[in-house]
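Undergrad: My questions will all concern the structure given below.
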Amino acid sequence: MRTSKPILLVEDDNVDAMTVQRALKDLKVANQLVVQANGEEALLYLRNKADRMPCVILLDLNMPKMGGIEFLKIAKADEMLKTIPVVVLTTSKSDRDKVESFDLCVAGYIIKPTDYQKFVEAIRTVNLYWTLSELPTNGG
Amino acid sequence: MKMRNSKPILLVEDDSVDAMTVKRALKDLKVTNQLVRSANGEEALVYLRNDTNSSPCVILLDLNMPRMGGIEFLKIAKADDKLRKIPVIVLTTSRDDRDKVESFQLSVAGYIVKPVDYKKFTEAIRIIELYWTLSELPDTEQEHNYENIQADTAR
């Protein structure tokens, strides 16, 4: 990624979180991966000033307690958090989920490939793009 | 090669030479999406609000333009329920931190500083194309497609 800030993964499924971690390792992406299990936990993390702000957020949609869409509604209405690019990473192919996510100005919507090689390729593309793109510099 | 869907790419750019460079890079990369160009934010809004035009898959947005610059365009587009869904990628020469922060505050889906070298520029366009082929897009043209199907059936 362009900066050395951590990547925040909001994902309730441990196996899926492990897969992201493994793909980043295989791709030699040096950014730390912080995992939060749902939208509520992610907001707690992001609002704690002692935590490092992430460069990007990878967001699952279907999660208990607070799902991805609800998280986006809150994060995109928050002056401090709205600048962080959010990339949806989900199994949902629902048109409604896509439209709602883009209505909330996500910076990408990626359907998780089930095949590991294809999954690594998807993460490689995400990493390439967010290395090419500048990021807002606030939030150190 | 083409973006996830066959809708046009809207380039908002006042500089003709820069617009030609984007066109050339897309051609070299064999990206088949049509490139539509508006010379400033005002023209882009007129294009986007004309229902007879096909809505773009993504918008590539320059910042420094006469009449209406990129930031002002973003303020209007992102407050418009019909336009806010379309991903906007800033493509500029500005490395100004304020421009970056303002753009991300207005929820851009990327901010790319134009490389001056043509090879590097093509590489940047290749990565943009790769990412927006991987990413899904909102299907804002559904009603449009439906109308086309209706028209076809009526024939």
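Bear in mind these aren't lab numbers, they're just calculated from the coordinates by the rules spelled out. Everything numeric in this text was worked out from a predicted model, so none of it was measured. Note that we place each Cβ from the backbone using ideal geometry, even for glycine, and neighbour counts take in every protein chain shown.
Undergrad: Taking the Cβ-Cβ separation of B:Asp139 and B:Asp51 as r and a Förster radius of 22 Å, what is the calculated FRET efficiency to the nearest 0.05?
TA: Efficiency at R0 = 22 Å is approximately 0.85.
Undergrad: A further question follows. Sorting A:Val15, B:Val12, A:Val120 on the 10 Å Cβ count, fewest up front, what's the list?
TA: A:Val15, A:Val120, B:Val12
Undergrad: Return the Rg/Rh ratio of the stretch B:9-154 with Cα-based radii and a Kirkwood Rh.
TA: 0.97
Undergrad: Please label the shape of chain A as rounded, prolate or oblate, based on the square roots a ≥ b ≥ c of the eigenvalues of the alpha-carbon gyration tensor (a/c under 1.5 means rounded; beyond that, a/b larger than b/c means prolate, else oblate).
TA: Judged from the Cα gyration tensor, chain A comes out rounded (a/c under 1.5).
Undergrad: How crowded by other chains is A:59-67, given as the mean number of beta carbons from other chains within 10 Å of each beta carbon?
TA: The shielding value for this peptide is 0.
Undergrad: Still on this structure: Rounded to the nearest 20 debye, what is the charge dipole size of the stretch A:1-97 about its Cα centre when +1 sits on each Lys and Arg Cβ and -1 on each Asp and Glu Cβ?
TA: Dipole about the Cα centre, nearest 20: 460 debye.
Undergrad: On to the next question. Greater than 25 Å separation of Cα atoms is the criterion. Which listed pairs, A:Lys49/B:Lys114; A:Lys112/B:Lys27; B:Lys30/B:Lys120; A:Lys93/B:Lys27; A:Lys76/B:Lys85, meet it?
TA: A:Lys49/B:Lys114; A:Lys112/B:Lys27; A:Lys93/B:Lys27
Undergrad: Compare the Cα positions of B:Phe121, B:Leu74, B:Ser107 along the charge dipole of chain B (+1 at Cβ of Lys, Arg; -1 at Cβ of Asp, Glu; about the Cα centre) and return the one farthest towards the positive end.
TA: Final value for the positive-end residue is B:Phe121.
Undergrad: Inside 10 Å of the C-beta atoms of B:102-115, what's the mean count of C-beta atoms belonging to other chains?
TA: The per-residue average across the peptide is 5.
Undergrad: Using a 10 Å cut-off on Cβ to Cβ distances, tally the other chain neighbours for every residue of A:100-106 and report the average as a whole number.
TA: For peptide A:100-106, the averaged partner shielding equals 6.
Undergrad: What order do you get for B:Val108, B:Val17, B:Val22, B:Val36 when you list them from fewest to most C-beta neighbours inside 10 Å?
TA: B:Val17, B:Val36, B:Val22, B:Val108
Undergrad: A further question follows. Can you tell which of A:Ala107, A:Ala37, A:Ala50 shows the greatest fluctuation in a Gaussian network model of chain A with Cα springs below 10 Å?
TA: The residue with the greatest mean-square fluctuation here is A:Ala50.
Undergrad: Taking the beta-carbon count within 10 Å as an exposure proxy, list B:Arg84, B:Arg67, B:Arg24 from fewest neighbours to most.
TA: The order, fewest Cβ neighbours first, is B:Arg67, B:Arg24, B:Arg84.
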